[in-house]
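Here is the structure we will look at.
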Amino acid sequence: MPPSQKAPATELRNSVEAIQTEIIQRICFLDYNQGDQLKEAELAAEYGVSRTPVRDAISRISHLGLVETRNGVGTVVVALSAAQIRHVYDMRLELAALIGTMSPRTITQTDCEAGRTLLHEAKALRSAFNSRRYIEINHRLHILIASLIGNGVLQSFWWQTYYQAASTWYRLSNQRGPEMAQALVAELSDINTALEHGDVAAIGYIQRTHIGYGYQRIKSHLLSTGAE
């Protein structure tokens, strides 16, 4: 692009952030699987940009441990090790308890309506489980929870650990769908009660409880004994 036609810095930054978010979601939602290669040229063509913002976006993702660059291969999607998964869940358990104590946002009627909608959709999964629908509902729940966090630093760490945990958690949904659907209904039932009472602190402790349950399922069904 000639100098006179260069995109403004803010536009370039937004492009990088948009590409970064899309790639992360594809990894978390299992659209990209372990071992898949992220090809800069193909992604640049898809987004209609040069390879530079794609390279920058992938570089930002690398610190999450979701991709790695291999000599002679390029950038590939990787799975977190058992130890990394444990560290992520240890952090998520600690962060959840802070949701209601660090500048929480006031719960609105819109939040309550969103919670009821999610619960209704989750209940439908118990009789007709669909892994993609499960992922979408769970992701929307995390958007709702994150929106209640008033502290920007906490919110950033909350999203980071969610993204790190998501692909592992969603792999489990492919193996144990009905059980996962029932667990999501239980979580959303508790969250809806807290929403109706306007209790953000309770939502934090509910998240902590269900994150703990989730990690126990991961250890039981995905991680081999002694793998940590």
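Computed from the coordinates by the stated procedures, all read-outs in this text should not be read as laboratory data. Model, not experiment: these values are computed from the prediction. No Cβ is skipped: glycine too gets one built from the backbone with ideal geometry, and neighbour counts run over all protein chains shown.
For the reader, a short list of remarks on this structure follows.
- Full extension of the segment from ALA201 to ALA128, taken as 0.36 nm per residue of separation minus the current Cα-Cα distance, would add 23.0 nm.
- To the nearest ten degrees, helix 51-62 and the longest principal axis of the Cα atoms of the chain are 40 degrees apart.
- Approximate spin-label separation GLN34-THR117, in nm, with each point projected 7 Å along Cα-to-Cβ: 3.5 nm
- Packing here is the average count of other Cβ atoms within 10 Å per residue, and on that basis the peptides 215-222, 190-197, highest first, run 190-197, 215-222.
- Calculated mean residue ellipticity at 222 nm for the chain: -23000 deg cm²/dmol, from DSSP H runs with n ≥ 4 weighted as -39500 (n - 2.57), summed, divided by the residue count and rounded to 500.
- With R₀ fixed at 25 Å, the C-beta to C-beta distance from MET102 to HIS142 puts the FRET efficiency at about 0.90.
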